[in-house]
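These notes concern the structure reproduced below.
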Amino acid sequence: MNTIHRFSVVATAGFALLASAAMAAPRPAMPELNLGERGASGERAIVLLGDNLAAVAAHHGIAPEVLMQRLRSDTALRLDQSGRLYFADDHLPPALTPETVRPASVAQAPLADTFLLHSRPGAQRTIYLDFNGAVISGTAWNGGGGPINAQPFDADGNAAVFSNAELTTIQAIWQRVAEDYAPFDVDVTTEQPPAGALTRDNLADTVFGTTVVITHNAGVYACSCGGVAYLSAFDNVGDYYKPALVFWNMLSSDEKYVAEAISHEAGHNLNLYHDGDATSGYYTGHGSGATGWAPIMGVGYYQSLVQWSKGEYSGANNTEDDFVVMQNTGAPLRADDHGNTQGTATAMTQTGTGLTRKVKVSGVVSTDADVDMFSFNAGAGTATIKIKLDALSPNLDAQLILRDAGGNQLASSQPKKSLGGKVSVSLPAAGTYYISVEGVGKPPVLGTGYSGYGSLGQYTLSGTVQAP
Ligand SMILES: [Zn+2]
């Protein structure tokens, strides 16, 4: 079961220096630098960059003063010998013990399919979660040295075999990451993609992506950190600044910790910096329970609701719009799957032949402005429709509104302490009715709440209505 796949890397230094490009407007090229040392941060990095700081900032899509501010406030932001920026994420969660270990999630797919999971098969962009171990060669992580043997994911001390519990954990990790990337036209997969699906051969190549290798840091990367990743590697030509690395041994092999680290490191590959606050490079979040919130590019280890962000919380030190940055780095949003108005509503599937009928439909809320509108035919009497979110780590705080054909609101649902909800209403007459789903925030945004910005994700609506 535990096949060690060879990680093929075709990057050369020449390719790497072609630099990366956004799909619409290529980012300015990186200057060709040899700074003589690797890993500098803070003032040292600023001194090393010297007159090249503006060009390096431009390549990474930010103003020179912003790069200086980020280097000064965030010691995890490092400079390699070529002047490239990467993150060594040194914020670690407390190690779990037998007493604090999280209960295992239930596998969503047959265990035999664990390395065949795809969130969006056929997408041109891919994030490959590599749990099987890898041989990494010819990349920036090798530093000119020989191949790096990256061990497979392991949670039970036997790295030679994946136990059923480990396969279940891998499925759960994939599912959590897939929810984070659900708004994007990007396939999050555990299956090794065919050659060419990840490597961007040239700027005209539209099929590319990145790999996150989930491994032990021993012999791979010497740091006390949960993961490392280069900024903006996702749409670079060549694979020199890939893969992103996540270290399960620093994260108690825990499903949530590892999943949060994967989404975060892939976010760096998509050119995202950290979401911190006035005192820390990493914002750890606020609130509690199902609506306790944290940004993915801060630290998601301690809260349930972990979303993409544009710095809408008290003390935020980074107001970059995550969705805009990621789209500009090669991750397009998916096309809207359901219309926003009653005129463009999707009819819910209706089944059954008796007095009550079942209605059902699935979708993804993919932007803050997205409203998914559905129609159903029903007779007079009770109609009950509930929303089911991602079972492990939903990003969508959903509001449901049920309306009649004239657009009059008959019922709505937006629980304060949970993300899902349901509407139950006695419909006055037979007819066509409409129910909408949209992502919402929770006030106060600058207190214990959050905006609707990152409140996006997968859902299924289901319920019962009277026969039309
Ligand atoms: Zn980071």
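The values are calculated or read from the model by the stated rules, or taken from the named source; none is laboratory data. Note that the structure is a prediction, hence the values are computed from the model and not measured. As a convention, Cβ positions derive from the backbone with ideal geometry for all residues, glycine included, and neighbour counts pool all protein chains shown.
Quick check, is Glu191 in a loop (DSSP other than H, G, I, E, B) and more than 16 Å from the ligand (Cβ to nearest atom)?
yes
Residues that are in the same structural domain as Ala109 (by TED's automatic domain parsing) and closer than 23 Å to Ser252 by Cβ: does segment 185-204 have at least one? Don't jump to the end; show me each part of the working.
Filtering segment 185-204 for residues in the same structural domain as Ala109 (by TED's automatic domain parsing) gives 185-204.
Subsequent filtering for residues that are closer than 23 Å to Ser252 by Cβ retains 188, 190.
Yes, the conditions are met somewhere in segment 185-204.
With the requirement that a residue be within 16 Å of the ligand (Cβ to nearest atom), among the charged types (D, E, K, R), more than 21 Å from the chain's Cα centre (by Cα) and not in a loop (DSSP other than H, G, I, E, B), what does segment 63-115 give you?
Scanning segment 63-115 gives Arg70, Arg78.
Across segment 72-89, what is the total count of residues that are of a type in the set (Lys, Arg) and surrounded by fewer than 19 Cβ atoms within 10 Å (Cβ to Cβ)?
We begin by selecting, within segment 72-89, every residue of a type in the set (Lys, Arg); these are 72, 78, 84.
Restricting the remaining residues to those that are surrounded by fewer than 19 Cβ atoms within 10 Å (Cβ to Cβ) gives 72.
Residues flagged as of a type in the set (Lys, Arg) and surrounded by fewer than 19 Cβ atoms within 10 Å (Cβ to Cβ) within segment 72-89 amount to 1.
For Leu77, indicate whether it is in contact with a Ser or Thr (Cβ under 7 Å, 6 or more places away or on another chain) and at pLDDT below 95.
Values: in contact with a Ser or Thr (Cβ under 7 Å, 6 or more places away or on another chain): yes; at pLDDT below 95: no.
Criteria not met by Leu77.
Using the structure shown, decide if Leu419 is in contact (Cβ under 8 Å) with a residue 60 or more places away in the chain and of a type in the set (A, V, I, L, M).
Values: in contact (Cβ under 8 Å) with a residue 60 or more places away in the chain: yes; of a type in the set (A, V, I, L, M): yes.
Yes; evaluated as a whole, the condition is true for this residue.
Out of the residues in segment 215-271 that are acidic (Asp, Glu) and more than 23 Å from Gln81 (Cβ to Cβ), state the one that is nearest to the ligand (Cβ to nearest atom). Reasoning before the result, please.
First pass over segment 215-271, keeping only residues acidic (Asp, Glu): 235, 239, 254-255, 260, 265.
Now drop any that are not more than 23 Å from Gln81 (Cβ to Cβ), which leaves 254-255, 260.
Values: Asp254: 18, Glu255: 19, Glu260: 11 Å.
The selected residue is Glu260.
Which count do you get for residues in segment 272-284 that are buried (at least 23 other Cβ atoms within 10 Å of the Cβ) and more than 11 Å from the ligand (Cβ to nearest atom)? Give the derivation first.
Taking segment 272-284 and keeping what is buried (at least 23 other Cβ atoms within 10 Å of the Cβ), we get 272-276, 281, 283.
Within this subset, residues satisfying the condition of being more than 11 Å from the ligand (Cβ to nearest atom) are 283.
Final tally of qualifying residues: 1.
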